[in-house]
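These notes are about the structure you will find just below.
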Amino acid sequence: MAFDDKDPTPALGTLSPGQLQSHLKMEPKTLGAIQIVIGALILCLSASVLQIHEVHFTGDVALFLIVVIQVTLSGSVLVHSGRKPTLFWVKFVLVLHLISAAFATAALGLMSKHLPYRQDSYHCEHCRRLELHAVQHCFRKCTGLIEQKCKLLIDGILGTLVIFLVLELLICITAMLFGLTVLAAGGTQAPSKRPVYPQTRPPLVQATQTPPAAAEASQQFKINIK
């Protein structure tokens, strides 16, 4: 038996044509690749700051390792969602970029309080080991050393980190907005028709009805016989 096998309803977990168009309009592969590059650059710059022994907020810089992992993971998932767009990956991208936006905002706040670099608010490790009466002399010496050699370098690295974090935050916001658009497009679709399944048994034969004229003729024939 021939039947119509074209089902307008998308399979469970797949995106409708409207949702797919909204998702691909975001250019997920491009944004994901940019996120991976940003994660690598943040890692390199953070390692460079940690190599400067005069910087005394290394604890804040070390937190960037968590940001690097989160940014790289978000970018990889975004690239994969561009290759195999499904409803699961769209939701996963939305959740990951929400977490990445929170980490990027926290890291941006940590770095902003150290920019520009102010050596007069820190003490070097050598100053901490001296007696109280000798701290002032050593502190002035260390301050002059930092201002002459490393201040511009530290300001440049911290400023670049802040720029990358702002760019990452913008990418996260863009991905979340497009993800919500895709989910909203799925919720506004018209209810689909129930799919037609092939019949496995022949239809029932309906009982034939006797025409009224034939019934009257048969009744008249019986009366004549009587």
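What follows draws every value from the coordinates through simple rules; no lab data is involved. Quantities reported herein were computed from a predicted structural model and do not represent experimental measurements. Because the Cβ atoms are built from the backbone with ideal geometry, glycine has one as well, and the counts that use them run over all protein chains shown.
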_Those residues of the range 73-100 which are charged (D, E, K, R) and assigned to a helix (DSSP H, G or I), in sequence order_ = Arg83, Lys91
*Looking at the range 13-32, which of the residues that are small (Gly, Ala, Ser) and in contact with a Leu (Cβ under 9 Å, 6 or more places away or on another chain) is surrounded by the fewest Cβ atoms within 10 Å (Cβ to Cβ)?*
Gly13
